[in-house]
1. Inspect segment 65-78 for any residue being among the acidic types (Asp, Glu) and free of Cβ contacts under 8 Å to residues at least 24 places away in the same chain and give the result as yes or no.
2. I'm trying to understand the selection: among the residues of segment 18-34, which are within 21 Å of the chain's Cα centre (by Cα), open to solvent by less than 30 Å² (accessible area, probe 1.4 Å) and in contact (Cβ under 8 Å) with a residue 40 or more places away in the chain?
3. Kindly evaluate residue 182 against the criterion of being part of a strand (DSSP E or B), open to solvent by less than 60 Å² (accessible area, probe 1.4 Å), aliphatic (A, V, I, L, M) and in contact with an Asp or Glu (Cβ under 9 Å, 6 or more places away or on another chain).
4. Among the residues of segment 79-91, are any over 21 Å from residue 171 (Cα atoms), touching a Ser or Thr at 6+ places or on another chain (Cβ under 7 Å) and of a type in the set (Asp, Glu)?
5. Mind listing just one residue for me: the one in segment 165-179 that is surrounded by fewer than 23 Cβ atoms within 10 Å (Cβ to Cβ) and closer than 15 Å to residue 192 by Cβ and, of those, nearest to the chain's Cα centre (by Cα)?
6. For segment 49-147, give me every one of the strands (runs of 3 or more DSSP E) that falls completely inside it and has 3 or more residues that are open to solvent by 50 Å² or more (accessible area, probe 1.4 Å).
7. With respect to the numbered conditions (1) open to solvent by 20 Å² or more (accessible area, probe 1.4 Å); (2) of a type outside the set (A, V, I, L, M, F, W, C); (3) touching a residue at least 12 places away in the same chain (Cβ under 8 Å), which one is the sole condition not fulfilled by residue 215?
8. Looking at residue 98, is it without any contact (Cβ under 8 Å) to a residue 40 or more places away in the chain, more than 27 Å from residue 211 (Cβ to Cβ) and not charged (D, E, K, R)?
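The values are calculated or read from the model by the stated rules, or taken from the named source; none is laboratory data. All of these numbers come straight from a predicted model, not from anything done at the bench. A quick note on method: Cβ atoms are made from the backbone with ideal geometry, for glycine too, and the neighbour counts reach across all protein chains shown. Heavy atoms of the whole protein, side chains included, go into the accessibility calculation; ligands, DNA and RNA do not. Shrake-Rupley method; radii C 1.70, N 1.55, O 1.52, S 1.80 Å.
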Amino acid sequence: GGTVTGVDPATGENRWTERIPGHAVPSFAAFPGDPLAYAAGPSDDGSGTRVSAVDPTTGEVRWTAVLEGTVKPVGVGTGATRPVYFAAVDPGYGDMDAVVRYDPGSRTVDRVALPVPRQDAQAAVHGDVVYVLGAGGSLEAFDLARGKRLWHLETSVSRGSAPVADGRRVYFSAADGRLIAVDARTGDLVGQTPARLGTGSDKVAGEVPAPVLVGTRVYAAAPDGTVFGVDGRDPGAW
């Protein structure tokens, strides 16, 4: 019916039920360390995307913006205004063709086009840099503050997870169970674990879970059913 309900995760009780103005059936995204959630959907005329920042504890809308084209939230930056980063996608094919930053404080929009549209691309944000991994293993870093692509690496991973980044490294998992580490500043491949296919080596994973960063450790899951952790400080020793 278009209403959104906030539920207390500890008790299961409903805290609030509201309609998000301007959104028929909003799709939400939320990111670690950020107190807000972001509802995104088509604008009234269908030419853009309406984005609303919502306080998940109360349902209050903190700000709303309409951005050009079809965009999906992929992360939040640092600073007092906490800019939000988006993947701009082709509405027909779904290929990512640009990365976008919206600053709710100044209401400015920065956009950097990808040199080549990326199919089934996934993205991660750290600082002002967006890391984009395409379905064919193309990994790129885009600095929105400087308005340019920093580097590009072909990893030959046919199906990878969403990347995660901590400023020093970019990590992602491959469908064969490898955890791969790339230098976030230079784009150099700096480490990878052995493949962990197990008895399912004749199958292709439909979805690859993203690694999880906890302190200096990196945790990942593999198709053989294992969950493993490695020291992120020395990927060359994996």
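1. No.
2. 29, 34
3. Yes; evaluated as a whole, the condition is true for this residue.
4. Looking for residues that are over 21 Å from residue 171 (Cα atoms), touching a Ser or Thr at 6+ places or on another chain (Cβ under 7 Å) and of a type in the set (Asp, Glu), one finds none in segment 79-91, hence no.
5. Applying the filter and picking the extreme gives 169.
6. It comes to 61-68, 108-118.
7. In the conditions (1) open to solvent by 20 Å² or more (accessible area, probe 1.4 Å); (2) of a type outside the set (A, V, I, L, M, F, W, C); (3) touching a residue at least 12 places away in the same chain (Cβ under 8 Å), residue 215 misses (3) alone.
8. No: the conditions fail for residue 98.
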